[in-house]
Every structure is written in structure tokens, then in C-alpha cells.
Amino acid sequence: MSPAARVRVLVGAAAVAAAAGVAGVVLATRQDPSQPATRCNPAAPLIVPGVATSQARAVRAAFALRGKRAALALEPVAQAAPKDAVVQFNYGLVLFCAGYLNEASQAFRAAKSVGRDTLYEMRADEILHPQYFAPQDGLYPLFQQTRPNRLLAQGVLLQRQGHQHSAERVYLRAARGRPNDDEAQVAAAVGRFDEDNLVASFSRLGPLVKRFPRSQSVRFHLGLLLAWTGQRDEAVKQFTLARQLGPETPLGRQSATFLNGLGTSPPKGLSK
């Protein structure tokens, strides 16, 4: 458990109840649309170590109530802590499970914004875009490094820790320092990934196909982002080209794995 999660919560049950008397009636008295049916019961809140919050205990207490009672309990906490990503994300979870889908979307939007550069930003983004791939670890697509580079290795570590924007800054440093290095340029593109704005990555990654036509990294990562965002046919094309550029390399083997997962075998004779 993170140090922040162990902080003693100042807002106890009595304070929550008092706040609910003023603001917490929003969900309980909602008439338009009519009261929704419960969809699920989240097993536990998502408390990410290292993300600051003073409301971890209040969040856990609300989750113990389950269903609509959990949403009602967290409402005043969420209104009192609009910049707390832990609260906003978990408020979104209980709202969703209680059937308040519009309110849940608003909470996840808030969590993405105030949880910038944390796992909450990525988790919220993935929930807001169910049409895209959602990995169990909640991370965005990870850059796959194949050659030694200190900055790229640092960026990969930051990505794995949930710090996408910190990784992006490091990748940009690598790209500026090595403008003719295909991997550095690819990493800078991957670091810009955002499901609200796919252009951020694709606009930088796409031109690299012409700039580095024999780069396996370019083809692989373009295929990865295409597959992630549901563009199957184009993903198959890019993974096939990546595999042809080196079937026994790590990226070549991963490309073959993706092709099998996409329900196709690598076609022969495909060229750009």
C-alpha cells in the first residue's frame, strides 16, 4: 500500500453523511431518466501506489456498501475532491456499476484529466473507448526496444510505471538527439498515444514508413497501434511486412504472434 493510501482520512462517515444532505441527493432523486438498474458490483477500488490522495479510506468504505449505496456514499467525496484522481476514477466505477452511465462518463473524464501521467489516465481512457483494445495491465501500447539506448530504456520503464507523458518527454529527447535513428523516432510517436486523439501518434508514425522503408520497428509499431484501435486489415498488412523484414528477430516473432491472434497467417509475397 502506498504512503498516500495510509494517510488518515479526515472525512469520516459522519462528515460524508452531512455532505450528502446538501449535495448527495443528486443521484437519489434523479428522475430523468428514471432510476437505472444495477449493472455490476465492483470487487475492490483501484488504489494505485504513489498517486496522492487523502481519501483512500473513504473510497474503500464506499465500495464496501456496494451497488447504488456505494455511488451515493462517494458522491459528496467526489464533489469535495474534484482534483483527486483516485476518487474520481473509483467514483466512475461505482456509478457505472450502479447504472448511471452518463455520470460515470463524466467521472472518468475527470479522472483522465486530473490523473494525467498516472495509470488512472490510461485506465479511464480505455473505459471511455470500449471499441479499442483494453489490456489487463491498463497500460497504453508499449514501445518495444531492440537496440541499446539509455533514453529509450528509461522511457520504456516510465511507460511500464504508468507515466506516459514522462516517457513521451524522454522519447522526444532521444528522437531529437538521434534524428536518423528509426527506433528513437518510433518511440517518440508511440509516446504520444492517446485514445481521444489518435492523430497524435499516427501523424508522426505514418510518415516514418517512407522515411525508413526497411525499418522493422516502424512496421511493427504501426501494426500495433492499428490493431489496438481496431483497424484489423491494415494491422495485418503492417505485421506481415514487419515479419518479412526479419522473421527470427524479436519483433518478427511478435509480429507472427499478432498475426495468429488476428486470425490470419502471414501472406507470402506482400510488398509495400
Taking θ as phi - 60°, what are the ³J(HN,Hα) couplings along region 109-122 by the Karplus curve (6.51, -1.76, 1.60), each to the nearest whole Hz, with x for Gly and Pro?
4, 5, 5, 5, 5, 7, x, 3, 6, 10, 4, 4, 4, 6
Would you kindly derive the ³J(HN,Hα) couplings of region 162-167 from the backbone phi angles with the Karplus curve 6.51 cos²θ - 1.76 cosθ + 1.60 (θ = phi - 60°), listing them in order in whole Hz, with x for Gly and Pro?
x, 9, 5, 6, 5, 5
³J(HN,Hα) across region 101-107 via Karplus (A = 6.51, B = -1.76, C = 1.60, θ = phi - 60°), whole Hz, x for Gly/Pro?
6, 5, 5, 5, 4, 5, 5
Give me the aspartates and glutamates in straight-line cross-link reach of K210: C-alpha distance below 18 Å, same-chain residues under 8 apart excluded.
D181, D182, E183, E234
How much accessible area does Y100 have with a 1.4 Å probe, in Å² rounded to the nearest 10?
10 Å²
Set the Förster radius R0 to 45 Å, insert the Cβ-Cβ distance between R178 and Q131 as r into 1/(1 + (r/R0)^6), and round the FRET efficiency to 0.05.
0.80
Under 16 Å from K83, Cα to Cα: aspartates and glutamates that are on another chain or at least 8 residues apart:
E75, D117, E121
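By its C-alpha gyration tensor, with a ≥ b ≥ c as the square roots of the eigenvalues, how is region 144-208 shaped: rounded for a/c under 1.5, else prolate for a/b larger than b/c, else oblate? Don't jump to the answer; show the numbers that get you there.
Values: a/c = 1.95, a/b = 1.12, b/c = 1.74.
Judged from the Cα gyration tensor, region 144-208 comes out oblate (a/c at least 1.5, b/c at or above a/b).
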Spin-label model distance (nm) - H165 vs S105, 7 Å beyond Cα toward Cβ
2.4 nm
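The values are calculated or read from the model by the stated rules, or taken from the named source; none is laboratory data. This one's a predicted model, so the numbers in the text were calculated from it and none came from an experiment. Note that we place each Cβ from the backbone using ideal geometry, even for glycine, and neighbour counts take in every protein chain shown. Accessible surface areas use protein heavy atoms only, side chains included; no ligands, DNA or RNA. Shrake-Rupley method; radii C 1.70, N 1.55, O 1.52, S 1.80 Å.
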